[in-house]
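The values are calculated or read from the model by the stated rules, or taken from the named source; none is laboratory data. Quantities reported herein were computed from a predicted structural model and do not represent experimental measurements. In this analysis, Cβ positions are derived from the backbone assuming ideal geometry, glycine residues included, and neighbour counts consider all displayed protein chains. Heavy atoms of the whole protein, side chains included, go into the accessibility calculation; ligands, DNA and RNA do not. Shrake-Rupley method; radii C 1.70, N 1.55, O 1.52, S 1.80 Å.
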Amino acid sequence: MEATNNDSMNRSNAGTTDYDVLVIGAGIAGEESALKLADMGFKVLLIEKEPSIGGKMILLSKVFPTLDCAACITTPKVSETARHPNITILTLAEAESIVKEENNLFSVTFKKHPRYVVENDCTGCQECETVCPMVVKDQFQFNLVARKAIYIPFNIANPRVALIDIENCTLCGACEQKCPSNCIDFTQKEELVNIKVKSVIVATGFKLFDPISIERYGYGRYKNVITSMQMERELAPTRPFNSVLRPSDGKVPDKIAYIFCTGSRDHTVGNPICSQVCCMYSTKQAQLLMGALPMADISLYYINIRAFGKGFNEFYMQAKDMGANYVKGKIGSISEKENGNLILRYEDIVTGKVTEKEHDLVVLSVGLLANHEITKVFKNEKLELDALKYIKQPDLLQSPATTSIKGVFVAGTATSPMDIPDTIMSAGAAASETSGYLNQWS
Amino acid sequence: MTKKKIGVYVCHCGGNISDYVDIEKVKEAVKDEANVYLLKNTLFACSDSSQKEMVADIQTNELDAIVVASCSPKLHVPTFRGVAQRAGMNPYNYVQVNIREQGSWAHSDNPKGATEKAILLVKAGIARAAESEALTSSKIPAANVVAVIGAGVGGMRSAIALADMGTEVYLIEKEKNVGGHVANFGSLFTTDKMGYELSANLLSEVKKRENIKLFTNAEIVEKKGSIGNFDIQVKVDNDVLPLHVGAFVVNTGFDSYQPQQGEYGFGEQTNVITLPEFKKLIDNSSERLIFNGKAIKKVAYIYCVGSRQNDEGDNKYCSRYCCTAAIHASVQVNKKFKDVTNLHFNRGIRTYGKQELLYEESSKNGDIYLQFSLDSIPEITQKGGKTFVKVKDILSAGKEVETEADLVVLVTGMVPRENSKLASQLKIPVGRDNFFNEIHMKLRPVETVIDGVLIAGTCQSPKNILETMNSSMAAAAKINSVLTKGEMTLDPTLAKINPSQCTWCGKCAEACPFDAIIQTEFDGRIVAKINEANCKGCGMCTPVCPTDAIDLAGFTNAQIEGMIDALAE
Amino acid sequence: MATINPEFGKELKKYGAFDFNACYNCGTCTSVCSLSTEENSFPREMVRCSAVGDEDAIKESLKPWLCYYCGECTTSCPREAKPGELMMSLRRYLTAAYDWTGLSGLLYKSLPVSIIAFISVAIGVIWYSASQQFEVEKIMHIGHYFEMFAIAGVFAVILLPNLIRMWYFVILKPKVKVPFKSYITSLGELFVHMFTQKRSLGCDDNQVRWFEHFILVIGYLSLLFTTVFLDWFSATNLLVIILGYVESAIIFIVTVDFVSGRIKKNKEVSKNSQPSDWFFVIWLLLMGLTAFLVRLFIDLKILEYNFWMYLFHWIVLAQWALLIVPFGKWTHFLYRSFAMYMEKLKA
Amino acid sequence: MEKKIRTVNILKETRKVSEHVNEERKKYIQIRKTLREALKEESKSIPQLAVDTNLPLPDVTYYLMTLLKFGEVAVDGIDDMDEYYFYKLIK
Amino acid sequence: MASNGQPKILVFSTEKISDPALDLAGLLKKHYPFTIYTISVPCSSCIKPRWIMRAFDKGFSGVFIAADGTDCSYGESCGEKTSQVVTTTHQLMRDKGLKPSQLKMAAICSVCAEPVVKHLTGFMKELEKMQS
């Protein structure tokens, strides 16, 4: 017995835990893990640093290879999660420190950022938005349009309540005056909350590659070079424009190019691996574009097509049959013409010749990068990363959801790039592993 | 129609509704509707104070049903069902009317119209409430026992995961030995583990757990029942064992594609072998790579054999694991033997994700990659006792290149295992690619349309070991979450059959995607009956009944037609 | 039809190539190269031929000479396959392939052989000077003749036959039909490129490199002219004397910059120096420096007491003329310009 | 209804609004006004608006689409080439 | 018939997919005629022809089925079965002298606010034409 320990105060309430599981990140992996564990009867706390749960998937247009509408698939899961009696969700919450105690409990401190809107009182009527005088680039539309300083993140956000972007707020108070349910509260402050949990699931997802670092592609300089995520928004039913338009002048594009492997399989940007989803999402977007703009030519410049999953190769062949023009060869550089059109220079591998083609809209199929900031949160035991900065899976084939810390599990793209079905499976595996661990506990 | 006491609440939603819809007019219009016992308006129906008021109203007035006209049901049906429950009223006697999203907001350009519409919508809600029935969720006992079919690495992993979560497992393997294909594998890619080690580790974990019973040489011969309560007969060696299980996890794995006679010289030339054969050769050779007494210096790998076939072949799909497996084999060759050159005749390398690093490693080792398309596949010829492989190389601008090869390795894909007996016993649907089909790739990737029958691993689609493990554990988590309480609550929104009207034509059973309609006897006649454990409440069976003997709870003829009548006013 | 030859890649590595097998054929290198055109797309094609081992295609190709190594392909290569360095190695390989004596290959591939060759030449010069009792006047006179005959001899015996071999590989063997008139009309191309390296201006990196290279070539050629034909070391004409000083100063100043670049490795072109590259720049530097000092010693009238200075100069000169010019990197001066000439012939 | 305390005044005591925010607000108000003004008479396409307002094309696209999102303008057909949509002012 | 003489449309929407699309239309203030009324059911393939006929009997000019299409969580056969319902009902409508065009069906995704409004306003225009 270590009776002489002077933190006996903490120890005395060590038996009382607030939750069985803390799930960090409420994208589809976090939601799925949380739901499965909650269904098994465990108490789950799900924290999310964004104002809405749903991760990246909720922002997508449709999903490959079934072309289901992404919102139709995520929103039921999102509301199921939000409604589950065993799940507590905190948005705008970020883990600050996680310390594993001797009794195997994790002492978790997280920061709850103020929303400046009382979450339970807001009815989502958007009256505040109409009176707010300040606009900011809308990060949920990937900067294609603006939003107000007080805003509901997006239409299908959950919780569908407003928040104030205080950095960009003019403190005019118009929203407060207008709000019919009196839910705006500028006195909210950042809070630090400390809880104890028995286990942790890291489901922090991935970061999107920022193509600004590839100067040859001119992203950020050329208006009509956009990322695939921006195209994803343009194709979504809750899109920023009234149709698929190019950002330089609102023209309906008719020669669209996709540049595969932007930020993937590329040592020069420090990411040598394949992002696993770009070939297919680009193929999907090509199919959607051919539907939306029947007259448009779509060219997809690729190195290898990674159409490996169930139904993927068939989906790729279908896109080809529909008329998508797949060109083997990576784009070397892009230059802009006066009218906003872009000249793409590449080697056509089939002929072995340098070729130049003009397009009026270029989509960069950006890759996925590891999102490893979470490791800083673990204070006394190290959450190890692999060589590619993804969360290390020490027992990859036998127990893929375990990490270097006992009691901490990992789900989804925090371990490696993967598509939605693989993410759901990985999250299921994490739930299974966590449940087994918690059963041993008692 | 029985007389009911209905409470009606019309919500202002701050001004969201009342700015466009004239609440007073609505109240005025519906106050004389039959069954309306109490009629109120409220600023925020969902607020705590309003909810308390409703509970009190229900209790003091002994209301039979309530109607709240406010926002979309998606938001607050659970809220007000909770109110009903707290007040001691059946939650299914609650009706929500959407006069915001489909009322005030949709018609904010036309307040008069919005009001007119709101009146009819509320009337329809009242009509529906009047016909509403108290429904109770029934509970059925469910055995927290799962039969895992197939004791490959995936099946064993499912079993271990289930056992650790407290589910009892019968692990049923057709063969004498466990571990499937992997038990015979040497080095596995992206780890330093050996296949036989992985399989042995899993087996020892299986044996450690008392709540796993492993049957080898075993097969299911009979199956009855539904989720939570299946009765099966398992033939083990020569005995037949009756078992009671709550669900199945089918993890029956794959077969390696067997090339046809003459496909790339297979079966005709002795030095044309398949990748699994080649892997064994690597494992069994030391120092020098010897095949048929001859030292191997050049190995030609031909990719996509049995995968990504054109219209003449059956397998249109990509087998997912083979590019990496072949490259991994070539890297092993380079590690183990000196001076062997690997030549990869591929159709575009698909080392997705982190597996790309293996491709890079092999390239840096000096492996040569040549790419062809399906309309010009590599030619394998024999000249003077030597084997030559010739191809039009896409990467060399279509130039024809040729090499001598000591050994030709056909990189064969995965095909679904012949399992039609099991598939028909468990009614597992099969997809276009002949693999077992999940109900929804993203929402429910390990479930089939048959409740209680889950699929995992490569019987669903080609997968590598990591992916197989993930899906095996995901299936375990899913089914454990259903069975763990020992009982299952069934949603009361189910189809109901009126046996006196039923003449059993079988059309409903045909329409049901969930195998939820069974035969039973009623008054000496065969009639249809809903197996409530399987019914999902979609109602697909209802319109096909020629005698209109089926109704969906909550959506009965009386309710829907009551609403139609009210809306038509 | 080409036969795949994995051994060729291994051979190339002896010429300094490495990692080019990592190429996954995306074509980025070709498309970022500002000299690459639809008619002449490189370097990926060369990388591919090297990987597959298509030796004939490489010997037949002029593309290695069309590259001026700005390094853009290497810095942009997503697989770090160093296509620029491969092109450099192919130039070394081709130099050896054109050389009928086979000595180029030997010197490129083996540093010990190179060192022995350099020492042998030095010993020969010293031995000869010793046999002449280190008499300044006499030896300088002979040195002057040596210079003249070395140039003529190397050109006639080594370089000319090698150029003919190059022509054989590029034009004759692949049966390219060239009308005789073209041989004459295209000559302009040859001289323009020989004296200006105009093509390298097309490189994206900068004009400074071209300018440095340009004045180095001009400096070198004119110093050659000044020493051989104007007999700088014996000259009395002030103009000639000053001209020589300026030229030799230019050479060593520019080469100091080149050498320090190779030491600092700040540009792609100078990151992977092979012995042959070092010999080339250092010997150029030494030539400029020693020539300058020799003339300075003459003007200060101290050469007589410092004969070692001339001896040193002569050793450097002899090594340059007998090793680097016929078998070393110097030849790129000829092959590049003839490549442009033959390119014109083929067109 | 009773007017409750304006909490914004409490925050105002401790927080300053940055110059940048004020500028952005002014810019938006100005551009919004300009665009609305330009659309008063008839529907216009983005290139037409850019000419009429002297604003850069990408800015017109960005702000006009923002107004579309906020329901201040609506689509009013497309040109003969099917290239540019026309937008009209609502109300 | 509504007070203003406008035709009335009954919409059958599905709880999980197409009804949210109508909600979203409202949220986005995408307007459509107010004489369009919705009854939401679990799946479009559970709509009984007799309900549709009842609606016509009672004075609705048109019925619109906002079907799930391939997104349906009850399986792929939904679309096919819903079409079957429509075919059966068309027969019944012909018997009663109704035009088949008075019953429409389209697959609507859960965020297809714009398409559904387009469908409904278009349908309304057709019905108005039919009336006049």
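For the reader, a short list of remarks on this structure follows.
- Filter result (open to solvent by 30 Å² or more (accessible area, probe 1.4 Å), within 30 Å of residue C:13 (Cα to Cα) and in contact (Cβ under 8 Å) with a residue 12 or more places away in the chain) within the stretch C:109-156: C:109, C:111
- Residue match in the stretch A:409-417 (condition: modelled with pLDDT of 95 or more, facing chain B (nearest Cβ under 7 Å) and open to solvent by 10 Å² or more (accessible area, probe 1.4 Å)): yes
- Within the stretch C:27-68, considering residues that are assigned to a loop (DSSP other than H, G, I, E, B) and touching a Cys at 6+ places or on another chain (Cβ under 8 Å), the one farthest from the other protein chains (Cβ to nearest Cβ): C:68
- Remark: pairs (first residue in the stretch B:347-367, farther than 23 Å from residue A:415 by Cα and at the interface with another protein chain (Cβ under 7 Å from one of its Cβ atoms); second residue of a type in the set (S, T, N, Q) and part of a loop (DSSP other than H, G, I, E, B); Cβ separation under 8 Å; 6+ apart in sequence or on different chains) = B:348/A:304.
- Among the residues making up the stretch C:188-233, those that are of a type in the set (Gly, Ala, Ser) and open to solvent by 30 Å² or more (accessible area, probe 1.4 Å) are C:188, C:202, C:222.
- Residue check, residue B:70 surrounded by fewer than 17 Cβ atoms within 10 Å (Cβ to Cβ), within 14 Å of chain E (Cβ to nearest Cβ), touching a Lys or Arg at 6+ places or on another chain (Cβ under 9 Å) and not aromatic (Phe, Trp, Tyr): no
- Verdict on residue B:162 being open to solvent by less than 30 Å² (accessible area, probe 1.4 Å) and within 11 Å of chain A (Cβ to nearest Cβ): yes
- Residues being over 16 Å from residue B:466 (Cβ atoms) and outside any helix (DSSP H, G or I) - total across the stretch B:319-366: 15
- Residues within the stretch C:67-82 that are in contact with a Phe, Trp or Tyr (Cβ under 7 Å, 6 or more places away or on another chain) and either on the phi < 0 side of the Ramachandran plot or open to solvent by less than 30 Å² (accessible area, probe 1.4 Å) (or both), tallied: 3
- Enumeration of residues in the stretch E:22-54 that are more than 8 Å from every other protein chain (Cβ to nearest Cβ) and touching a Cys at 6+ places or on another chain (Cβ under 7 Å): E:44
- Which listed residue, of D:40, D:27, is in contact with a Leu (Cβ under 7 Å, 6 or more places away or on another chain), open to solvent by 70 Å² or more (accessible area, probe 1.4 Å) and more than 8 Å from chain A (Cβ to nearest Cβ): D:40
- Breaking point among (1) within 10 Å of another protein chain (Cβ to nearest Cβ); (2) closer than 23 Å to residue B:198 by Cα; (3) polar (S, T, N, Q), for residue A:423: (2)
- Boolean, residue E:68 is buried (at least 24 other Cβ atoms within 10 Å of the Cβ) and more than 7 Å from every other protein chain (Cβ to nearest Cβ): yes
Results for (1) assigned by TED's automatic domain parsing to the domain that holds residue B:378; (2) surrounded by 14 or more Cβ atoms within 10 Å (Cβ to Cβ); (3) under 30 Å from residue B:333 (Cβ atoms); (4) at pLDDT 95 or above, shown as yes or no for each residue.
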position: B:226; (1), (2), (3), (4): no, yes, no, no
position: B:229; (1), (2), (3), (4): no, yes, no, no
position: B:240; (1), (2), (3), (4): no, no, no, yes
position: B:248; (1), (2), (3), (4): no, yes, no, yes
position: B:268; (1), (2), (3), (4): yes, no, yes, no
position: B:273; (1), (2), (3), (4): yes, yes, yes, yes
position: B:278; (1), (2), (3), (4): yes, yes, yes, yes
position: B:286; (1), (2), (3), (4): yes, no, yes, no
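- Whichever residue in the stretch B:328-345 is touching a residue at least 60 places away in the same chain (Cβ under 8 Å) and open to solvent by less than 10 Å² (accessible area, probe 1.4 Å) and, among such residues, is farthest from residue A:274 (Cα to Cα): B:343
- For beta carbons closer than 9 Å, sequence separation of 6+ or different chains, a first residue in the stretch C:325-339 that is assigned by TED's automatic domain parsing to the domain that holds residue C:278 and a second that is modelled with pLDDT under 95 and charged (D, E, K, R), the qualifying pairs are C:329/C:277; C:336/C:199; C:337/C:189.
- Of all residues making up the stretch A:217-240, the number that are within 12 Å of another protein chain (Cβ to nearest Cβ), in a helix (DSSP H, G or I) and either in contact with a His (Cβ under 9 Å, 6 or more places away or on another chain) or at pLDDT 95 or above (or both): 3
Residue-wise test of (1) under 30 Å from residue A:73 (Cβ atoms); (2) in a strand (DSSP E or B).
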| site | (1), (2) |
| --- | --- |
| A:140 | yes, no |
| A:158 | yes, no |
| A:171 | no, no |
| A:176 | no, no |
| A:193 | no, yes |
| A:199 | yes, yes |
| A:207 | yes, yes |
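- Restricting attention to the stretch A:345-360 and to residues that are more than 7 Å from chain C (Cβ to nearest Cβ) and not β-branched (Val, Ile, Thr), the residue that is most open to solvent (accessible area, probe 1.4 Å) turns out to be A:356.
- Residue count, the stretch A:295-329 (criterion: assigned to a loop (DSSP other than H, G, I, E, B) and facing another protein chain (nearest Cβ under 10 Å)): 11
Every residue, every condition in (1) within 10 Å of chain E (Cβ to nearest Cβ); (2) in a loop (DSSP other than H, G, I, E, B); (3) buried (at least 21 other Cβ atoms within 10 Å of the Cβ), yes or no:
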site	(1), (2), (3)
B:540	yes, yes, yes
B:547	no, yes, no
B:559	yes, no, yes
B:565	yes, no, no
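- Condition check for residue A:162: within 14 Å of chain B (Cβ to nearest Cβ), aliphatic (A, V, I, L, M), without any contact (Cβ under 8 Å) to a residue 60 or more places away in the chain and crowded, with 18+ Cβ neighbours inside 10 Å: yes
- Selection status of residue B:456, crowded, with 21+ Cβ neighbours inside 10 Å and at pLDDT 95 or above: yes
- Pair list, Cβ under 7 Å, 6 or more apart: the stretch E:6-19 residue within 14 Å of chain A (Cβ to nearest Cβ) and surrounded by 24 or more Cβ atoms within 10 Å (Cβ to Cβ), other residue of a type in the set (Asp, Glu) and in a loop (DSSP other than H, G, I, E, B): E:14/E:68; E:17/E:68; E:18/E:68
- Residue list for the stretch A:262-304, filter: open to solvent by less than 20 Å² (accessible area, probe 1.4 Å) and among the aromatic types (Phe, Trp, Tyr): A:301
- Selection over the stretch A:304-335 of residues that are of a type in the set (D, E, K, R) and without any contact (Cβ under 8 Å) to a residue 40 or more places away in the chain gives a count of 4.
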